[in-house]
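Data first, discussion second: the structure below is written as structure tokens.
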Amino acid sequence: MLSTVFLLATLAASAAADGYSCARNTLINPPQDLSKPYYYPETWRENMEPPQYAPNQKCNWKINVPQGMYATVIFYKKTKYEIGIQCAYPGKDLEYINDYEQSPYIFTSPQFQVDLKVGDKPGAFSFKVVWSKYPPGSAMNIELDGIHSISGVASSFYTTYTAINQVMIVGFSVPDVDTNLLRQSAIYDGDSVNAKFLGNLFDALEGQIVSTGNKLTIYTFGLENQVDNTLFMGLDTKAAGDIEQYTGLNCPVDRTRGCSIILHSYFYATAEARISRQPDYLMLPDSFPYNATLKIYGETLQDSSLFAAVNKSNYQTMFPMKVTNSLKIYHLDHDIVSIDVTNNADEAKWSTVYDGRNIKVQSMDYGRTSFYQDTMETFTTEPNTQMYFKFNVKYFDVNGPTSLAIKVYNNAKIVYSETYTATNLPTPYNVRVYGDKMDINYQTFGNYTQGFEVNIVTTKNG
């Protein structure tokens, strides 16, 4: 009797040492009581270490998610980067599950898969599935006009875009939180969460997601409690023009970490969007490719919204650059360009002029009716240096007492002063003044306008 007990104990210890063996194919349905999760292995719980699996086995779990539900899954994987442990979203290919990374996955109907194909290397793996019904929530319906883009943040709303053609969703980076949090989102190919799963905002970091019809819905599963950045932007596919890869960039709150606009356009045109109520200050890039043109737009990709076109022949005169408007779009047709961006004018040396510099000064909401157009700028030369300030007022919108005052100084003395108003409009001609400082002051006195634009060239020899 004792020998029998000893043999059973030995076999149990041996099985535990070898790791668990899983069934080759398993189909899982949600329980009647949704408060009860599914655990694998069955005896494992999330307060335990993941158990070892036996070597040289292949297993697959197909896990059903009924319509009107979603599944939240956490994987616990401790291996030496075992590539054979994967999962698949509905209708998608298998993808790698990271080691030691437990941010939840959200899976939608009708089914997702977990796959385990391991060799003789040791490892541990377990997972937990919780099914939930979609919570009641308000719908946000957004109509796209084929020209403009409309951004979104994480919220409790079910956001549905309707386009004239197809809906394109552009995903934005989240530099201040774990990028894997973006898996807690879903994009649906239609006007509700019952439509086909297209991907999530984590997928959109690699490029846009496009609907097959003219409607697309996004839900973010409580991300509003964790992320407050712009997360996505919707537009009609027509509004994207020739862009083949479209992404969005959020810069970190801690700007000492740096922030760069990087566009790879070796094979097709790419674009990156920035959304902020602060201007982008762009710094001079180290180099610029011969065959490329960087076009910078405000609000739309229409020619009328073109802020600047930068190429090899002019790039050294164009920076630093201040790009206004809430939505800034950076479009590159060929090659690769990297430009550092900051929200600090002093860091960019925006206010210091040099020989041959081209400067475009616009109000923040230039071209749009807005109460937020007041602008003050001062440009100075290097100490003990004078230059010609050649400028013209390209656009001046006036409402009531709106004014645009321009002054040029030389050795602390005013050598040019003009204030434009409704009764003293600017001429279309260039003005050239020699000095060491220039002030521009646009004031609306609380009225709405479409802003102003002044173009400046500074030269030593006129």
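The values are calculated or read from the model by the stated rules, or taken from the named source; none is laboratory data. The shown structure was predicted, so the numbers you read here are calculated from the model rather than taken from an experiment. Positions of Cβ are backbone-derived with ideal geometry, glycine not excepted, and every protein chain shown enters the neighbour counts.
Scanning region 324-340 for residues that are crowded, with 22+ Cβ neighbours inside 10 Å and within 17 Å of PRO279 (Cα to Cα) gives THR324, ASN325, LYS328, ILE329, TYR330, ILE339.
Select from region 284-303 the residues that are among the polar types (S, T, N, Q) and either free of Cβ contacts under 8 Å to residues at least 12 places away in the same chain or surrounded by 20 or more Cβ atoms within 10 Å (Cβ to Cβ) (or both) and write down the one among them that is farthest from ALA239 (Cα to Cα). Ranking the candidates gives SER287 first.
Applying a threshold of 9 Å to beta carbon distances and a minimum spacing of six or more residues, or different chains, the list of pairs starting in region 252-269 at a residue that is assigned to a helix (DSSP H, G or I) and ending at one that is surrounded by fewer than 14 Cβ atoms within 10 Å (Cβ to Cβ) reads ARG255/ASN344; ARG255/GLU347.
Quick check on region 94-106. Is at least one of its residues over 29 Å from the mean Cα position of the chain (by Cα) and either buried (at least 18 other Cβ atoms within 10 Å of the Cβ) or within 23 Å of ILE209 (Cα to Cα) (or both)? Let's see the steps before the verdict.
The first filter runs over region 94-106 and keeps only residues over 29 Å from the mean Cα position of the chain (by Cα), leaving none.
No, every residue in region 94-106 fails to be over 29 Å from the mean Cα position of the chain (by Cα) and either buried (at least 18 other Cβ atoms within 10 Å of the Cβ) or within 23 Å of ILE209 (Cα to Cα) (or both).
Scanning region 157-179 for residues that are crowded, with 19+ Cβ neighbours inside 10 Å and within 19 Å of GLU272 (Cα to Cα) yields VAL167, MET168, ILE169, VAL170, GLY171, PHE172, SER173, VAL174.
Taking THR300 as the residue in question, decide whether it is modelled with pLDDT of 95 or more and part of a helix (DSSP H, G or I).
For THR300, the condition - modelled with pLDDT of 95 or more and part of a helix (DSSP H, G or I) - is not met.
Among the criteria (1) part of a loop (DSSP other than H, G, I, E, B); (2) in contact (Cβ under 8 Å) with a residue 40 or more places away in the chain, the one ASN384 does not fulfil is (2). Looking at PHE172, PHE157, which one is within 29 Å of ASN64 (Cβ to Cβ) and in contact with a strand residue (DSSP E or B) (Cβ under 8 Å, 6 or more places away or on another chain)? Going through PHE172, PHE157 in turn, just one is within 29 Å of ASN64 (Cβ to Cβ) and in contact with a strand residue (DSSP E or B) (Cβ under 8 Å, 6 or more places away or on another chain): PHE157.
Okay, residues lined up against (1) under 35 Å from the mean Cα position of the chain (by Cα); (2) farther than 17 Å from PHE125 by Cα; (3) among the small types (Gly, Ala, Ser); (4) part of a strand (DSSP E or B):
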site: CYS22; (1), (2), (3), (4): no, no, no, no
site: LEU27; (1), (2), (3), (4): no, yes, no, yes
site: ASP33; (1), (2), (3), (4): no, yes, no, no
site: LYS36; (1), (2), (3), (4): no, yes, no, no
site: THR43; (1), (2), (3), (4): no, no, no, no
site: PRO50; (1), (2), (3), (4): yes, no, no, no
site: ASN60; (1), (2), (3), (4): yes, no, no, yes
site: PRO66; (1), (2), (3), (4): yes, yes, no, no
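Take the conditions more than 26 Å from SER265 (Cβ to Cβ), crowded, with 17+ Cβ neighbours inside 10 Å and either in contact (Cβ under 8 Å) with a residue 12 or more places away in the chain or not polar (S, T, N, Q) (or both) and apply them to ALA154. Does it pass? Spelling it out, ALA154 is indeed more than 26 Å from SER265 (Cβ to Cβ), crowded, with 17+ Cβ neighbours inside 10 Å and either in contact (Cβ under 8 Å) with a residue 12 or more places away in the chain or not polar (S, T, N, Q) (or both). Of the numbered criteria (1) aliphatic (A, V, I, L, M); (2) surrounded by 16 or more Cβ atoms within 10 Å (Cβ to Cβ); (3) farther than 30 Å from LYS62 by Cβ, the one ALA124 fails is (3).
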